[in-house]
Amino acid sequence: MSNYVEPRSARHRIEIVDGVEQIRIPVRRNWFVILFLPIWLTGWTAGGIAALAQLTTVFEPFLLVWLCFWAVGWVFASSTLALQIWGAETIAVQGGDIIVRSGAKPIIRTWRYRGSVIRNLRSAAPAVAPRAKSTAGRTRSISAFSHGWQAFISEALGF
């Protein structure tokens, strides 16, 4: 019988997409959000359908404005749920530049960092970061680089 804590497997995957090698890191899941949002969205959708039905029978300007804000809330909540279930961050080097993508399809943000101005590419264990503690034999680390006068820091690569 072993008393050692076995390290967890890495969260990231290295994959080749369109001939470019990239690192794919799934988002950290918030299980409360994943369980709560489908229930909330069901009620939110029912409320919107009821308001839309009322708007078709009696036109009220306030209800039209309310439905616009309802639609924004629905899109925000559903995109948050999609990000929690399918979301990921990908980091790739293409032509000497670093390309970082974050999100879930179809909503993906892309940042491109010119390789000629990147300095001090590093990966190190953070000294004081509160979320960087070691848990169950797994040490969290931060990957970072300097891009001009700004610093790009990614906690997602910690493993």
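The values are calculated or read from the model by the stated rules, or taken from the named source; none is laboratory data. Keep in mind that what you see is a predicted model, and the values were worked out from it rather than measured. A quick note on method: Cβ atoms are made from the backbone with ideal geometry, for glycine too, and the neighbour counts reach across all protein chains shown.
Filter the range 89-104 for residues that are free of Cβ contacts under 8 Å to residues at least 60 places away in the same chain and over 16 Å from the mean Cα position of the chain (by Cα); which is nearest to Val27 (Cα to Cα)? Within the range 89-104, the match that is nearest to Val27 (Cα to Cα) is Ile98. Comparison of Thr80, Thr45 shows that the only residue that is modelled with pLDDT under 95 and in a helix (DSSP H, G or I) is Thr80. Screening Thr56 on (1) of a type outside the set (D, E, K, R); (2) surrounded by 10 or more Cβ atoms within 10 Å (Cβ to Cβ); (3) in a helix (DSSP H, G or I) shows it passes everything except condition (2).
Which one of Ile107, Ile85, Ile118 is within 30 Å of Trp44 (Cα to Cα) and at pLDDT below 90?
Criteria check complete, one pass: Ile107.
Contact map, the range 1-22: residues that are without any contact (Cβ under 8 Å) to a residue 24 or more places away in the chain and under 18 Å from Gly87 (Cα atoms) paired with residues that are among the charged types (D, E, K, R) and surrounded by 10 or more Cβ atoms within 10 Å (Cβ to Cβ), Cβ distance under 8 Å, separation 6+ or inter-chain. Pairs shown: Arg13/Arg24; Ile14/Glu21; Ile14/Arg24; Glu15/Glu21; Glu15/Arg24.
Would you call Thr90 exposed (fewer than 12 other Cβ atoms within 10 Å of the Cβ), modelled with pLDDT of 90 or more and touching a strand residue (DSSP E or B) at 6+ places or on another chain (Cβ under 8 Å)? Spell out how you get there, then give the answer.
Numbers: exposed (fewer than 12 other Cβ atoms within 10 Å of the Cβ): no; modelled with pLDDT of 90 or more: yes; touching a strand residue (DSSP E or B) at 6+ places or on another chain (Cβ under 8 Å): yes.
Taking the combined requirement at face value, the residue does not satisfy it.
Taken over the range 34-73, residues that are in contact with a Ser or Thr (Cβ under 7 Å, 6 or more places away or on another chain) and closer than 25 Å to Arg101 by Cα amount to 1.
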